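Student: What follows is a single structure, and I will ask about it in a moment.
The values are calculated or read from the model by the stated rules, or taken from the named source; none is laboratory data. Bear in mind the structure is a predicted one, so any value in this text is a computation, not a measurement. Cβ coordinates were reconstructed from backbone atoms using ideal geometry, including for glycine residues, and neighbour counts include every protein chain displayed. The accessibility values were calculated without ligands, DNA or RNA, using every heavy atom of the protein model including side chains. Shrake-Rupley method; radii C 1.70, N 1.55, O 1.52, S 1.80 Å.
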Amino acid sequence: MPKTMTAMDEFAVRLAKFVIGHRWLVIFATLLTTAAVTYGAQFLQMSNNYRDFFSESNPELQAFEEFQGTYTKNDNFFFTIVPEEGDVFTAETLALVEELTTEAWQIPFSLRVDSVTNFQHTWADEDDLIVEDLVKGAESLTAEELAEKSQVAITEPLLRDQLVARDGRAIAVNVVLQYPQVDPFEVPQAVEYARTLRADLLQKYPGHKIYMTGVSMLNMAFQEAGMKDVMTMIPLMYGLLLLLMAVTVRSIAGTLVTLLMIAFASMIGMGAAGFYGVALTPIALSAPTIILTLAIADAVHILITMRNSMKAGMTKRDALIEAVRVNFLAVMITSLTTAIGFLALNFGDAPPFWHLGNISAVGIVAAWAMSVTFLPAMMSLLPVRAPKLAAANENNFFARLADFVVAHNKKLFYGIGAFAIVLISAVPQIEFNDQWTEYFDESIEFRRDSDASTEYFGFYPIEFSVLAKGEGGVSEPEFLQKLDEFTQFLRQQPNVTHVYSLTDIMKRLNRNMHADEASWYKLPDDRELSAQYLLLYELSLPYGLDLNDRVNIDKSATRVTATLTNTSTLETKVFLDAARGWITENAPEYMQATVPTSAQVMFTYVAERNVESMIAGNIIAIVAIGIVMMFALKSARLGALSMVPNGLPIVVAFGAWALMVGTVGFSVAAVASVSLGIVVDDTVHFLAKYVRGIREKGYDRAGAIKYAFETVGMALVVNTVILVIGFAYLATSHFKMNADMGLLTALAITFALLFDFLFLPALMLRGSGKLISGQKDDSEGVQQNVQTQPAE
Amino acid sequence: MFKRNLQNKLAAALAVVTLGFSLIAPVKADEAADKGYEIAARSDRSDLGFTSSEVTAVMTLTNSAGNTSTREMYFKTLEKENEEVGDKSLTVFETPRDVQGTALLSHAKILEADDQWLYLPALKRVKRISSTNKSGPFVGSEFAFEDFTSTELNKYDYKFIGEDEFDGMKVDVVERFPRYENSGYVRQIALVDQEVFQVRKIDFYDRKNSLLKTLTLKDYREYEGGVWRAHELEMVNHQTGKSTTLSYGDYSFKTGLQDNDFVKGVLKRIR
């Protein structure tokens, strides 16, 4: 035992003795607590609603909810039907569409079905207005009739490129659903029905491909990607962990106890989420992987110290107490700071990140508590062989590394500093892209189907509720004229595949009411006439279709839908700005408040909403961690300095990503918070040993650096390897947000080790000052003063 | 998983309860159909002989966001005593002002598409509308044509379900199945009171047999000759959260309307 024991050390020793003395009690209490909290896991639900990615206060979500309250909900299935060859205007393909249109009414929660076959074709026969399904009894249509239907469908602005491809290669059926949202199995239930329907139709009509997309499929994909990750990743993660532990800790007992500890920590984290009533997204589902990765760190530090102490001849009991004493402060600080980092995720706008942060924070705190109670208790119980007294080869390596770093500290300081500045300057080049189809990899059916479907049809709808002047205002000729101009403007924008507008319906009705004369295909120029056309149109709509889908109930606004092809977030922003610009410049006063809205609009701004708030959150977290460090190290100066190696690796990792990849989804907003705690972990362990070296062992700075390298160098390398493998493993997720987050975090952790080994010592030699060393400035000529002693 | 288990249990419990119920009160299929038909017939015939009626109504639409909009209209109806033939009706819109004078003439058919003519005053022309859309919504409301144009007896097959209490009344519960091919419903459940034999409430089940709408008929008043009319009809759509109420003014009966008041030619002369 060293001569100088801090109060913290004394507490740690008393704790360790108590734990070992009452090991059965500790083990029993751990099991009981775990079981009690895990009970909450039964309340967990899988999220199958993309809205779960937005908080209630998200302004884009609020706008869209209001829009959907006025018109129809936009949950849907979009079936794209492609015959293997030829065009879709064959008796067989149309029969398929007709059957699908009828059967789609049976899909649970369906509200409305639109297709070419049930399109309400209106035409005039003298003074009769005939309203009928465009295609009825497709199987018995003659070639001539098929050609006629084809002509009608492909020239109809409401159908072309929306429900039938311009070149006749594909045809679509859109099913609108309204979920009561009382049962989490609503979406899976509807999807299961729709999939069975598709399978049946494919069997009955061979030679076709049917792709399923739409919001319901997107929602299902979130759930399926999450499930797939859980089923494949978590078991493999545990396998990987076993292997790593076996290699590094080289103890069956240690590996077993760590495994239990990690499993318990994950269970406690998830159980707590269950009590909180969380809907699990794939993002929140990465929490067990993260807890697992982080919890290993705690265990590794303690087990490695124990092993080294036993190697040095201590008994198992003494080695355990020493391991707890030496690591207690560092493990506590790192757990605390990591938890703070994760809690900072709550500053974002996206609930899945709140859940990820809170689940991980609970898991990390649980893992920390177990690492100083359950772990020593179990280890004292299990047989552990004292390792052979071998020459400390590894320490030789770290001693040499320490000498090298101290000797070349000036070159390293400026060299790495320059390297960091170059990478940081690349950060602004990062481009945000949140295209929801691309959140999923190709192993997810939704991604494959949407890739195929976008070859024929647009994918991302942008909605506008175009405002008219007062009740009935949509019939005003001036309004319809402006609406028509707006529609034309939207149609001319790049990436727009289709625009659905009331003006096309008005023009058609006007022509119908004038004996189908082509010259009457224009907007009515009389308010009363327009209003009466609308009434006529309302009266002619069949079951399931109503005008409310297009015009609000007091007819003071109408909905225009522009559909975009597969478009990047940046391109979408350009489109949205153009549309807003047109409204500002051209729209009359009463139309000015018209704004674009839709899920696509929500995802377009999700990055900004989250990144801004999370940057603020991270700055707060870094400062909070700095303050914790000031107290823990009892040095304001060191605490302040620690913010440099804490913040730098994350920013540098972003820079490296900007150069290597370029685009990123809004999940990166989480990277800083996720990696912050881990990055801090390295710094804390290194600085804690550095300070111990000076205060307890009486070394000078260079000596303390060497002491730090020798005592924690190995543990830091092992930890980093485990963490990098763990996070890089997230890259195999089927969900791109997790993959990006994993890779970026792995990058940040790698940089963190690099900075702690090569840059931090140089920084200490320059900046840690006299406050701690009480010796003369030794940053020059340190080579001569280096004292080395083997670690205790 | 947990929820699904619960659902299964619930479903099982329900099955036991309904099975038990049907054991206690065994009603043979034919008997149930006959009794259902009788109840419906008694209800339908209770206002037999009103010959013709005229009434104004205010229709209030409410969407799921709670916004409302109203329109006023005037209904004229000519009763056809033959149960195989539908009534004739004329609907004239009075507000919003834009559509004032727009008139819809309808000759209801029992099992086929209705004959309809529409007069648009701004166009000064009558158009015959050929459409099979009886199940479509009536001017943006939650009422379909088939819901409220008429409650013709032979539009449905019936099945008597049992007796119940509703709003303090003893009611017969009758299930009815539309016979019209293009109907938007697979079935309806109607509650008919046992005192004056009027329909008090109807649940509508859509094509996938999910509860779609509920119609509540309130403020029944008796007119001369034992004819009853509800003056407040409220239709709630459970799937979209939208609703429509129809408030009727006082009815006038036997106003001397004839068949020739319900021909295409009269439409132009309405205003």
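Student: Report, by residue number, each residue of the stretch B:55-71 that is in a strand (DSSP E or B) and open to solvent by less than 50 Å² (accessible area, probe 1.4 Å).
Tutor: B:VAL55, B:ALA57, B:MET59, B:THR60, B:LEU61, B:THR62, B:SER69, B:ARG71, listed by residue number.
Student: Looking at the stretch B:68-77, can you tell me whether even one residue there is within 12 Å of chain A (Cβ to nearest Cβ) and either touching a residue at least 40 places away in the same chain (Cβ under 8 Å) or within 19 Å of the chain's Cα centre (by Cα) (or both)?
Tutor: yes
Student: It is to be established whether one or more residues within the stretch A:40-48 are part of a loop (DSSP other than H, G, I, E, B), open to solvent by 10 Å² or more (accessible area, probe 1.4 Å), farther than 19 Å from A:GLN178 by Cβ and at pLDDT 85 or above.
Tutor: No, there is no match, as no residue in the stretch A:40-48 is part of a loop (DSSP other than H, G, I, E, B), open to solvent by 10 Å² or more (accessible area, probe 1.4 Å), farther than 19 Å from A:GLN178 by Cβ and at pLDDT 85 or above.
Student: Something else now. Among the residues of the stretch B:72-101, what is the count of those that are surrounded by 16 or more Cβ atoms within 10 Å (Cβ to Cβ), in contact with an Asp or Glu (Cβ under 8 Å, 6 or more places away or on another chain) and assigned to a strand (DSSP E or B)?
Tutor: 11
Student: Taking the condition farther than 26 Å from B:ASP114 by Cβ, out of contact with any Gly (no Cβ under 6 Å at 6 or more places or on another chain) and touching a residue at least 12 places away in the same chain (Cβ under 8 Å), does B:VAL173 pass?
Tutor: no
Student: Just to check your reading of the model, which residue among A:VAL113, A:VAL19, A:VAL97, A:VAL26 is within 14 Å of chain B (Cβ to nearest Cβ), among the β-branched types (Val, Ile, Thr) and in contact with a Ser or Thr (Cβ under 8 Å, 6 or more places away or on another chain)?
Tutor: When all the criteria are applied, what remains is A:VAL113.
Student: Ok, one more. For the stretch A:116-147: of the residues being over 25 Å from B:LEU120 (Cα atoms) and among the hydroxyl-bearing types (Ser, Thr, Tyr), which is nearest to the other protein chains (Cβ to nearest Cβ)?
Tutor: A:THR117
Student: Working only within the stretch A:443-489, note down all residues that are of a type in the set (Lys, Arg) and within 24 Å of A:ALA599 (Cβ to Cβ).
Tutor: Across the stretch A:443-489, the qualifying residues are A:ARG447, A:ARG448.
Student: Tell me, please, whether a residue that is within 9 Å of chain A (Cβ to nearest Cβ), of a type in the set (Ser, Thr, Tyr), assigned to a strand (DSSP E or B) and within 28 Å of B:LYS124 (Cα to Cα) can be found in the stretch B:38-54.
Tutor: no
Student: Could you say whether any residue in the stretch A:536-544 is of a type in the set (Asp, Glu), open to solvent by less than 20 Å² (accessible area, probe 1.4 Å) and within 7 Å of another protein chain (Cβ to nearest Cβ)?
Tutor: yes
Student: Would you confirm, using the coordinates I've provided, whether B:LYS242 is charged (D, E, K, R) and either farther than 23 Å from B:MET59 by Cβ or more than 14 Å from every other protein chain (Cβ to nearest Cβ) (or both)?
Tutor: No; evaluated as a whole, the condition is false for this residue.
Student: Out of (1) open to solvent by 10 Å² or more (accessible area, probe 1.4 Å); (2) touching a residue at least 12 places away in the same chain (Cβ under 8 Å); (3) of a type in the set (Phe, Trp, Tyr), the odd one out for A:PHE631 is which?
Tutor: (2)
Student: Can I ask one more? Just to be sure, is B:SER135 part of a loop (DSSP other than H, G, I, E, B), within 10 Å of chain A (Cβ to nearest Cβ) and crowded, with 23+ Cβ neighbours inside 10 Å?
Tutor: Answer is no for this residue.
Student: Right, next: Out of all the residues in the stretch B:102-114, which are open to solvent by 20 Å² or more (accessible area, probe 1.4 Å) and within 11 Å of another protein chain (Cβ to nearest Cβ)?
Tutor: B:ALA113
Student: Ok, one more. Scanning for something open to solvent by 60 Å² or more (accessible area, probe 1.4 Å) and assigned to a strand (DSSP E or B), does the stretch B:245-257 turn up at least one residue?
Tutor: The answer is no; no qualifying residue exists.
Student: Now for a separate question. Report, by residue number, each residue of the stretch A:680-699 that is open to solvent by less than 10 Å² (accessible area, probe 1.4 Å) and acidic (Asp, Glu).
Tutor: A:ASP682
Student: If you don't mind, another one. Against the definition (surrounded by fewer than 23 Cβ atoms within 10 Å (Cβ to Cβ) and more than 8 Å from chain B (Cβ to nearest Cβ)), how does A:THR572 come out, yes or no?
Tutor: no
Student: Show the residue pairs that are 6+ apart or on different chains and have beta-carbon atoms under 7 Å apart, the first residue being within the stretch A:352-381 and assigned by TED's automatic domain parsing to the domain that holds A:VAL668 and open to solvent by less than 10 Å² (accessible area, probe 1.4 Å), the second being assigned to a helix (DSSP H, G or I) and basic (Lys, Arg).
Tutor: none
Student: Which pairs turn up if I take residues in the stretch A:264-288 that are modelled with pLDDT of 85 or more and look for partners that are aromatic (Phe, Trp, Tyr) with beta carbon separation below 7 Å, at least 6 apart in sequence or on another chain?
Tutor: A:GLY271/A:TYR39; A:GLY274/A:PHE43; A:PHE275/A:PHE43
Rundown of residues vs (1) at pLDDT 80 or above; (2) of a type in the set (A, V, I, L, M, F, W, C); (3) within 28 Å of the chain's Cα centre (by Cα), yes/no style:
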site: A:VAL215; (1), (2), (3): yes, yes, yes
site: A:ASN219; (1), (2), (3): yes, no, yes
site: A:PHE222; (1), (2), (3): yes, yes, yes
site: A:MET231; (1), (2), (3): yes, yes, yes
site: A:PRO235; (1), (2), (3): yes, no, yes
site: A:GLY239; (1), (2), (3): yes, no, yes
site: A:THR248; (1), (2), (3): no, no, no
site: A:ILE252; (1), (2), (3): yes, yes, no
site: A:LEU260; (1), (2), (3): yes, yes, no
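Student: Which residue, of A:ILE262, A:ILE268, A:ILE283, is open to solvent by less than 60 Å² (accessible area, probe 1.4 Å) and within 21 Å of A:ASP441 (Cβ to Cβ)?
Tutor: That would be A:ILE283, the only listed residue that is open to solvent by less than 60 Å² (accessible area, probe 1.4 Å) and within 21 Å of A:ASP441 (Cβ to Cβ).
Student: I need the full set of residues from the stretch B:78-91 which are touching a Gly at 6+ places or on another chain (Cβ under 7 Å) and within 13 Å of chain A (Cβ to nearest Cβ), in order please.
Tutor: Listed by number, the list is empty, since nothing qualifies.
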